[in-house]
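The values are calculated or read from the model by the stated rules, or taken from the named source; none is laboratory data. Note that the structure is predicted; figures quoted are calculated from it, not measured. Quick reminder, even Gly has a Cβ in these numbers, built from the backbone with ideal geometry, and neighbours come from all protein chains shown. Ligands, DNA and RNA are excluded from the accessible area calculation, which covers all protein heavy atoms including side chains. Shrake-Rupley method; radii C 1.70, N 1.55, O 1.52, S 1.80 Å.
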Amino acid sequence: MKYDVEYVRAQFPALKKMVNGFPAVFFDGPGGTQVPQRVIDAVVDYLINHNSNTHGEFMTTIETDKIIDNARETFADYFGCSSDEVAFCHNSTTICFKLALGIARDLKPGDEIIITDIDHDANRSPWELLSEKGIVIQSVRFDPDTCSLDIRDYEKKLSDRTKVVAFNYASNAVGTISNARQIIQKARKRGAITVVDAVHYALHGVIDVKAIDADFLFCSAYKFFGTHLGVLYGKREKMEQIRTLKVRAQKSDPPLKFETGTLNHEGIAGAAEAIEFIADIGARHRENFLNAPAHSSERRKNIVCGILTMESYEKPLADYFKEELAKIDGLKIYAPPKDHPCTSTISFRLKDTPPVEVARRLADKGIFVWDGNFYAVELVKTLGLNETGGLVRIGLAPYNTIEEINRALRELKNLADER
Ligand SMILES: Cc1ncc(COP(=O)(O)O)c(C=O)c1O
């Protein structure tokens, strides 16, 4: 497969960073990726040339409206939906609170909501809060042996009382990709609203909200080269149905009824540019996926090709990384079985070394990795690791290279030898 990693790397000014004399290695992608120059330019351009509030009569306010409208179109191509099904928000956690509090206005005590133990707290706590109203929260078991959701347990918990099923598309802690379509189909049979957290999945897989038939799906642009912004897809009729929390003067039509107050305009400009960056990667590598299924617009085709291309580059790197890590004495990887869909995020423990120490040691050498539970509290608890510092998490992004992986492997081998 063709992949021009040098071109991709050249887009990211942060990759020039040096730490203690070493070039920085950004393996911290699941916490947030680096940002290409064109995204930085879009933010700066907005603030210099178009900065204003919305819906006025003068030049910069009209330009601001246009930038936001264009960004909705861009994200519609990203999700595979129409632009009036896209809403912007501070971040994904806030989106989930808004959904939970809005949906709860029409729930009654005894109604049930299904969440999962594989999820980040962002898609758990907002729903758990509703137990104060007598709503029953059921959490689907995480199977520590397969590092995936226990679908039988999900089926057992589903009933005609289930009003919402909220789950993540991919685990930010161990990378497991769930079968979103299957989970949604089962919820649909019971008439439940489905809420998909695609925050970790977004960098690693094509999102097609109509194909999986999600009612709501959200993601955060800073996880895929963009700004710190949450983006929500909502099926038009579901958006209409939900009584969101809003001020009286705010529009009550979707998607604006989900957008409280003044938005982060420069963030929206930057987030849309991140999608254009992905589309550019796709346009440069179109021959890789000529047989990809037909998609509505030229930009969507490029976005799909961009994501598939980046993932096809990362997958063999991640496989190599895992194979080499597994050879290190006392290193245990926490991941789903080989044939189970998984992102290029790799989590592990090294002997009895606290993950924070591993992260510090790598940080000294300029290698950035995360440690802890990454807010995937129940998952890490089920693995029995919450009390001992959680996991070390390495996340690959399309700008990482085999040389960077070998650097990390060398350091980890040295550390293992010392313990
Ligand atoms: C899977 C997942 N869901 C939700 C979130 C929360 O996203 P945000 O920080 O945009 O609220 C994160 C953040 O790391 C995440 O990884």
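The residues of the chain expose, per residue, 41 Å² of accessible area to a 1.4 Å probe. Treating each Cα of region 152-303 as an identical point scatterer and summing with the Debye formula, the log10 of I(q)/I(0) at q = 0.09, 0.11, 0.19, 0.20 Å⁻¹ comes to -0.35, -0.52, -1.33, -1.38. In the chain the Cα-Cα distances spread across 10 Å bins starting at 0 as 5, 22, 31, 26, 14, 3, 0 percent of all pairs. Across region 41-276, the mean sequence separation of Cα contacts (distance under 8 Å, 6 or more residues apart), normalised by length, yields a relative contact order of 26 percent. Within the assembled protein chains, the solvent-accessible surface assigned to His120 is about 40 Å², based on a 1.4 Å probe. At full extension, Arg9 and Glu128 could sit 38.7 nm farther apart than now, given 0.36 nm per residue minus the alpha carbon distance.
What's log10 of I(q)/I(0) for region 41-276 at q = 0.11 Å⁻¹, Debye sum over Cα points only, no solvent? Listed by q, the Debye log ratios stand at -0.55. If you average the C-alpha positions of region 354-419 and of region 36-91 separately, how far apart do those two centres end up, in angstrom? Centre-to-centre (Cα) distance: 36 Å. Spherically averaged projected area of the convex hull of Cα atoms, region 294-419: 9.2 nm².
Look at where the Cα atoms of region 281-345 and of region 197-241 average out, and the two centres are 19 Å apart. Relative contact order for the chain: 22 percent, from Cα pairs under 8 Å spaced at least 6 residues apart, divided by residue count.
Pairs of Cα atoms in region 36-136 fall into 10 Å distance bins, from 0 up to the last occupied one, in shares of 13, 28, 28, 19, 11, 0 percent. Dimensions of region 153-238 from C-alpha coordinates, computed as largest minus smallest value along each principal axis and given longest first, are 40, 31, 19 Å.
Helical runs (DSSP H, four residues minimum) scored at -39500 (n - 2.57) apiece and divided by the length of the chain put the mean residue ellipticity at 222 nm at -12000 deg cm²/dmol. Exceedance of the 25 Å cut-off in Cα-Cα distance is limited, within the set Lys98/Lys133; Lys223/Lys315; Lys2/Lys301; Lys108/Lys235; Lys322/Lys381; Lys17/Lys66, to Lys17/Lys66. Sequence-distant contacts, meaning Cα pairs under 8 Å at least 6 residues apart, place the relative contact order of region 48-165 at 19 percent. Given springs between every Cα pair under 10 Å in a Gaussian network model of the chain, which of Asp339, Asp153, Asp111 has the largest fluctuation? It is Asp339.
If one puts a single equal scatterer on every Cα of region 221-320 and applies the Debye formula without solvent, what log₁₀ I(q)/I(0) results at q = 0.15, 0.17, 0.19, 0.22 Å⁻¹? After summing over all Cα pairs, the log10 values are -0.79, -0.91, -1.00, -1.11. Given a Förster distance of 45 angstrom, what is the FRET efficiency for Arg243 paired with Glu357, based on the Cβ-Cβ distance and rounded to 0.05? Rounded to the nearest 0.05, the efficiency is 0.35.
Working note: Karplus 6.51/-1.76/1.60 with θ = phi - 60° gives region 2-14 the couplings 6, 7, 9, 5, 5, 4, 4, 4, 5, 7, 10, x, 5 Hz, where Gly and Pro are set to x. Of the residues Asp117, Asp329, the one with the largest accessible area comes first in the ranking Asp329, Asp117, computed with a 1.4 Å probe on protein heavy atoms.
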